[in-house]
1. What are the residues in region B:429-444 that are touching a residue at least 24 places away in the same chain (Cβ under 8 Å) and either over 22 Å from B:N322 (Cα atoms) or surrounded by fewer than 24 Cβ atoms within 10 Å (Cβ to Cβ) (or both), if any?
2. Is it fair to say A:L165 is at pLDDT below 95 and either closer than 15 Å to A:L179 by Cα or of a type in the set (F, W, Y) (or both)?
3. Return the residues of region A:175-206 that are at pLDDT below 95 and out of contact with any helix residue (DSSP H, G or I) (no Cβ under 6 Å at 6 or more places or on another chain); say none if nothing qualifies.
4. Going through region B:198-222 one residue at a time, which ones are open to solvent by 10 Å² or more (accessible area, probe 1.4 Å) and either touching a strand residue (DSSP E or B) at 6+ places or on another chain (Cβ under 6 Å) or not in a helix (DSSP H, G or I) (or both)?
5. Restricting attention to region B:163-197, which residues are among the basic types (K, R), part of a helix (DSSP H, G or I) and facing chain A (nearest Cβ under 10 Å)?
6. Collect the residues in region A:472-493 that are within 12 Å of chain B (Cβ to nearest Cβ) and of a type in the set (A, V, I, L, M, F, W, C), keeping them in residue-number order.
There are 2 protein chains.
Amino acid sequence: MTPAKITPSNRPEQAADRTGQPAKGPDRPGLGPGQTGQGLDQSTLPPGQSGPHASQSAQPSGPPGREATQPAAVPEQPASAAAGVAAAPEAQRDGRGAGLLARLSRWLERDHLPDPQSVRTLYLASLTDSAANRLARQWAERYLAAAPDERRSLLAGLVLAGAELEPRGDQGERLFRRLYAQSDRLALMVALRADMLRWRNQVAGLSLLEQELAGLLSNWFDVGMLELHPINWDSPASLLERLIQYEAVHEIRSWQDMRRRVAADRRCYAFFHPRMRDTPLIFVEVALAEQMGAGVQELLDPARPVDALGKARWAIFYSISNTQPGLRGISFGNFLLQRVIEQLQAELPQLKFFATLSPIPGFAAWLEKQGGPAISGLLVGKAEQQAAQGDAAAGKTWVVRLRAAARLQRNDAERRSGLRLAAHYLQALRNGNPLDPVARFHLGNGARIERLNWAADLSPKGLEQSCGMMVNYLYEPEHLDENRARLAAGKPRVSRGVQWL
Amino acid sequence: MTPAKITPSNRPEQAADRTGQPAKGPDRPGLGPGQTGQGLDQSTLPPGQSGPHASQSAQPSGPPGREATQPAAVPEQPASAAAGVAAAPEAQRDGRGAGLLARLSRWLERDHLPDPQSVRTLYLASLTDSAANRLARQWAERYLAAAPDERRSLLAGLVLAGAELEPRGDQGERLFRRLYAQSDRLALMVALRADMLRWRNQVAGLSLLEQELAGLLSNWFDVGMLELHPINWDSPASLLERLIQYEAVHEIRSWQDMRRRVAADRRCYAFFHPRMRDTPLIFVEVALAEQMGAGVQELLDPARPVDALGKARWAIFYSISNTQPGLRGISFGNFLLQRVIEQLQAELPQLKFFATLSPIPGFAAWLEKQGGPAISGLLVGKAEQQAAQGDAAAGKTWVVRLRAAARLQRNDAERRSGLRLAAHYLQALRNGNPLDPVARFHLGNGARIERLNWAADLSPKGLEQSCGMMVNYLYEPEHLDENRARLAAGKPRVSRGVQWL
């Protein structure tokens, strides 16, 4: 039998050839160096993204990093007009009609974007379809290199191409699986969701895509998938630099500051995903000490002498930062603390107590909204109570007074009233959950409110948000379940010291 | 303000302490050494599990490895009786009632298994619940150390504890997320599914759990999550030993044989999951050669001289093996070949053609069932056709004749009839899919049937399953989509050489 004659064939045209990028090998960890990676960093990892705190909150947190640094690159009108501003369902259906399509066509042409018909194959073709996969690679390369307004246009193009898929089954998931498999970059998937969260109110229909991606991310970032690693002065400088960039609670001001935070009496742990090895997803900074920490400035003083570990009985979690806005709502902060406590118990059996030293970020904003009748009962001194009773703006007045008193470190009646107001606020619930986002996190984990600390954070942010106060949440591993049950019953667990304030 | 007095607390009792096992650190890759890992290997990774072929098939594949080697340890009655043999829904509902419960209670007591009430917390408690997580660790440790019958009992206990969760939401997923997070072993999750597939017809209700776990595994093992790595003679011997163990198509007989398979004119690639680093999930063996391979014995001959790579134009995929029964139905074989072709094109631009040398595992079984009228038209020679026409057992006759002719390497009319019968079989579809499991895999990937090879695999298995014939499937990267479309239209793509047989 003769073998059939075979025409010598060209190598398949692949996105990797066309873009001049080498094919992505399996060993390439996370993002490579160079401009593409840089672009991703800038847009996905805005510095100053706040901690588990912000990620628990329903509000979008501050202006996205990249737009803030590149305002000129983000003209608001063209993209949002083309993609259609979020509107009532009727308007949306109209928006999918001729008018929007015409505008979008012009805009696709202007930006040389792939046409909706081709983009639709990203949703529909089988995951091994070569043509669709080539397009997926091109799309991913382009997205990674794009400025924000082009990214928004590319996302709007995805929405448009997917709009007519009805009934909508798993096509959205297929799109994202394809993009992940073909780009070989989990970081891209996280960046996509961050961008979708940012623009979902501007680009009609983006929310659906965002939710489909969130479902996949919650599996891809399942806590079992994460690896806990210590970070110390022996860690790569590039990694420490990322901590400096991501630290959301107490800014790291210098390399000297960084070095003190990983000194012998400190620990730092982060969760990593094995497919994003160079990016800490969430990290916690721990001080090991003889006493429960009462003030953060002394902890953060780079000149503070290093404590002997032999006397350490307390592990103080003084900063927890989420780094990925694209993973909002996919919580692993609670697992992080659980794993870190186990790790510390194994390494340093002399440690007996585990607590936080935490801000009360919602306190001042809450107090400002309180009228006299709501707070007068909490104030110390008959005269103060009577003065507040008739004052509709009593909350505002007290915010000003507390800040001033904290700044001067006055230990008088204002201090006691301030602590009582804060204790009341920390125990306040809405729909069964603590009002304060940080309290929501720690009480939800089963910690208890252990102690309030006056004039404990005199940084501008500390004074602004918490009137300078801080709180310790105590983690007693054997009581977490019970405390959580109490919270569920509407009674957050509080120490006697705080009860008796 | 005085801090509240804190009673020094004991360290939480953890499963890790109780079992005398060290707490599992995050860096511990996959399974540790020792008896526990050993137990897992034996029961999850039966040698002789066949390749992508078998995983495409709906039939359970052969007897599980461990049971085959330890028949005495697997008394059939007690566990299956206790857990209730699969039955009609009514019977199942009865089975959940008093009778089953009583039997199960005795059995739980006998085996000192956790009671259903506790086990239910694995489904219901929050993922941070300490008590439930402690139980999950104990359960996982016990499972890993258990013999098959105890494993089956533990699984039946899960089913029973989950039986009354109605309506059933995400509790099943929560159970498995908890077991994964607390055991920190993805390999355990794969082992669980393998065991569930094995026993789902014996333990009523196990199928539901199996499907819930499969949904999670398909995300955890999403192809984007996998890493392609080459395997060669520099790879750890423990890894090469696993290949020897897992090779499903052409047994590796010795270390000399293994060494030849990773010599300079060969390549081997495997997909790995970053959380199961020491386990190849699927691997492919490639021979680089001047010609398309026609017989496997010469390829496999350890004494065959190593070819010069300069003249190599062909990459021949001669063996693909899935290693994890627990990942059945979660296909990544097609992605493996796609990625390997790209890798080879980048490394060795002189390669022009990519083809397989594959068995036809369903051929003999298919032919045996054919009567004369069905096959007579395919036979060469009027006399043969007429003889077959009236013979209801013509298929059986021809299987015997073809095996004998192949064994003797006779190149006569039997050979031509055999090739035509095989070509016909390979193109036969059922519900739009090729009958033959290996054809289903490669044609489904967009390859075409390139050449049939007579007396190409004279091993006992080759003669038994394929009457000694083999087939080359040709992968032309630029034609895969088109070929797949043809298959979808009911016309699998075939070379002219095969058309003209």
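1. Here is the first cut: in region B:429-444, the ones touching a residue at least 24 places away in the same chain (Cβ under 8 Å) are B:429, B:432, B:434-444.
Once the filter is applied, which keeps residues that are touching a residue at least 24 places away in the same chain (Cβ under 8 Å) and either over 22 Å from B:N322 (Cα atoms) or surrounded by fewer than 24 Cβ atoms within 10 Å (Cβ to Cβ) (or both), region B:429-444 yields B:L429, B:G432, B:P434, B:L435, B:P437, B:R440, B:G444.
2. For A:L165, the condition - at pLDDT below 95 and either closer than 15 Å to A:L179 by Cα or of a type in the set (F, W, Y) (or both) - is not met.
3. A:D184, A:N201
4. Passing the criteria: B:R200, B:N201, B:Q202, B:A204, B:G205.
5. B:R177, B:R178
6. Of everything in region A:472-493, those that are within 12 Å of chain B (Cβ to nearest Cβ) and of a type in the set (A, V, I, L, M, F, W, C) turn out to be A:L474, A:L480, A:A485, A:L487, A:A488.
Residue-wise test of (1) among the aromatic types (F, W, Y); (2) at pLDDT below 95; (3) closer than 21 Å to A:N334 by Cβ.
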residue: A:P230; (1), (2), (3): no, no, yes
residue: A:Q245; (1), (2), (3): no, yes, no
residue: A:A248; (1), (2), (3): no, yes, yes
residue: A:R260; (1), (2), (3): no, yes, no
residue: A:F271; (1), (2), (3): yes, no, yes
residue: A:A289; (1), (2), (3): no, yes, no
residue: A:V296; (1), (2), (3): no, yes, no
residue: A:P302; (1), (2), (3): no, yes, no
residue: A:V306; (1), (2), (3): no, yes, no
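This table checks each residue for (1) within 11 Å of chain B (Cβ to nearest Cβ); (2) surrounded by 24 or more Cβ atoms within 10 Å (Cβ to Cβ); (3) part of a loop (DSSP other than H, G, I, E, B).
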site: A:A392; (1), (2), (3): no, no, yes
site: A:A406; (1), (2), (3): no, no, no
site: A:R410; (1), (2), (3): no, no, yes
site: A:S417; (1), (2), (3): no, no, no
site: A:L458; (1), (2), (3): no, no, yes
site: A:L463; (1), (2), (3): no, no, no
site: A:G468; (1), (2), (3): no, yes, yes
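The values are calculated or read from the model by the stated rules, or taken from the named source; none is laboratory data. Here the structure is a predicted model, which means the values were calculated and not measured. Methodologically, a virtual Cβ is constructed for each residue, glycine included, from the backbone with ideal geometry; neighbour enumeration extends over all protein chains shown. The protein model used for the area step is the full one, side chains on, heavy atoms only, and it has no ligands, DNA or RNA in it. Shrake-Rupley method; radii C 1.70, N 1.55, O 1.52, S 1.80 Å.
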